[in-house]
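Accompanying notes for the structure given below.
The values are calculated or read from the model by the stated rules, or taken from the named source; none is laboratory data. Please read all numbers here as calculations on a predicted model, not as lab measurements. No Cβ is skipped: glycine too gets one built from the backbone with ideal geometry, and neighbour counts run over all protein chains shown. Heavy atoms of the whole protein, side chains included, go into the accessibility calculation; ligands, DNA and RNA do not. Shrake-Rupley method; radii C 1.70, N 1.55, O 1.52, S 1.80 Å.
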Amino acid sequence: MTYFVTVADHGSIRKAADALFIAQPSLSAQLAALEREVGGPLLNRQARGVTLTPAGRVFLREARVTLAAAERAKRFATLALGGEQGDLRFATVLSIAAGLVPDALLAWRSRRPGVRAFLQEYRSSRELERYTAQGLHDFAVGPKPSTAFEVTEFIGSEEFVVVLPQGDELLSSASVDIARLGDRPWVLFSRDHGLSSIHDDIFATVGIAPESAVFTSQTDVAVRLATVGLGPTIVPDNVVPPPLRRFARSLATPLTRDLYVYGTAPVPNLAKAFLDELRNVCAAPKR
């Protein structure tokens, strides 16, 4: 392919062969093999030189595009190995995707405007762990996995808070005893959502079994439903948007969850900078 482009540029087989220090018969044989492969002539061979056939002009155009793309791919692969360029492919659970990932991705991409991120969200940490073990993502961000992975690194913690309706008397306290909310209807999560089991554990610990007002599978929806008065809910503090933080209170017995990055292979260099941003978000004071 490279030889053909050079022949077309120089206008004769002999000049191309001289320029590349390749014998003319060898170059001619390669061109003939190429023409057999594509199924027709690419050059008009005349006594005074060669010209491109219509098929040859198309081939030359596409060959130049292909060579340029190959060079670009090589350049970007080199940048990706150095952590400067490429694609970021990772997975997490819905609550982390809504709460921690946006700010971290924004800070990470603002320094790398040419990069792209591909994010897969799962409803539960069990799903996240199962599909990450199958190698579907470069890495996962979530609660500590129950099985061993090649990479498992702590990145930070998140606190769970209770969200109350506007005007609730319990908002006058810095923390809330969940046992006091046992007789209220709650905003709960669908059974396939990972936060549903966390609610169950909290309720079992304080000895209540509240009724549900509504079930949802979205953390931002749960927060909004709670603030308008449908019932309290419990979510990670990072999913509560700043304008609604005034409706969130810590639990009387604080509950936190440690978060990890894990995967079946070493974390790519490009992802390390993103994980640094994620650690910064975890450590940042709440607004």
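Things to note:
- One residue from T227, T256 being closer than 30 Å to A133 by Cβ and either in contact with a strand residue (DSSP E or B) (Cβ under 7 Å, 6 or more places away or on another chain) or of a type in the set (D, E) (or both): T256
- Per-region count, segment 160-178, residues open to solvent by less than 50 Å² (accessible area, probe 1.4 Å) and in contact with a Ser or Thr (Cβ under 9 Å, 6 or more places away or on another chain): 8
- Pairs meeting the criteria (first residue in segment 98-122 and farther than 13 Å from L275 by Cβ, second residue open to solvent by 50 Å² or more (accessible area, probe 1.4 Å) and assigned to a helix (DSSP H, G or I), beta carbons under 6 Å, at least 6 apart or on different chains) are A98/D220.
- Condition met for G156 (more than 19 Å from A222 (Cα to Cα), in contact with a Cys (Cβ under 6 Å, 6 or more places away or on another chain), surrounded by 14 or more Cβ atoms within 10 Å (Cβ to Cβ) and touching a residue at least 24 places away in the same chain (Cβ under 8 Å)): yes
- Scanning segment 246-272 for residues that are among the charged types (D, E, K, R), under 17 Å from L100 (Cα atoms) and modelled with pLDDT of 95 or more yields R257, D258.
- In segment 132-146, residue farthest from C282 (Cα to Cα) [restricted to those that are open to solvent by less than 10 Å² (accessible area, probe 1.4 Å) and not in a helix (DSSP H, G or I)]: F139
- Residue match in segment 190-208 (condition: of a type in the set (V, I, T), in a strand (DSSP E or B) and crowded, with 19+ Cβ neighbours inside 10 Å): no
- Counting only helices (runs of 4 or more DSSP H) wholly contained in segment 8-112, the ones carrying 1 or more residues that are at pLDDT below 70 occupy 13-20, 24-38, 54-81.
- Enumeration of residues in segment 211-225 that are farther than 13 Å from G194 by Cβ and open to solvent by 30 Å² or more (accessible area, probe 1.4 Å): E211, S212, A213, V214, F215, D220, V221, R224, L225
- Selection from segment 226-250 of residues that are outside any helix (DSSP H, G or I) and open to solvent by 10 Å² or more (accessible area, probe 1.4 Å): V228, G229, L230, P241, A248, R249, S250
- Meets criteria (farther than 30 Å from G135 by Cα, of a type outside the set (D, E, K, R), modelled with pLDDT of 95 or more and open to solvent by 20 Å² or more (accessible area, probe 1.4 Å)) for L181: no
- Total residues in segment 152-187, condition in contact with a helix residue (DSSP H, G or I) (Cβ under 6 Å, 6 or more places away or on another chain) and either aromatic (F, W, Y) or in a strand (DSSP E or B) (or both): 8
- In segment 126-150, the residue that is farthest from the chain's Cα centre (by Cα) out of those that are of a type in the set (G, A, S) and within 21 Å of S197 (Cβ to Cβ) is S146.
- Only one of E121, E129 that is of a type in the set (D, E) and open to solvent by less than 40 Å² (accessible area, probe 1.4 Å): E129
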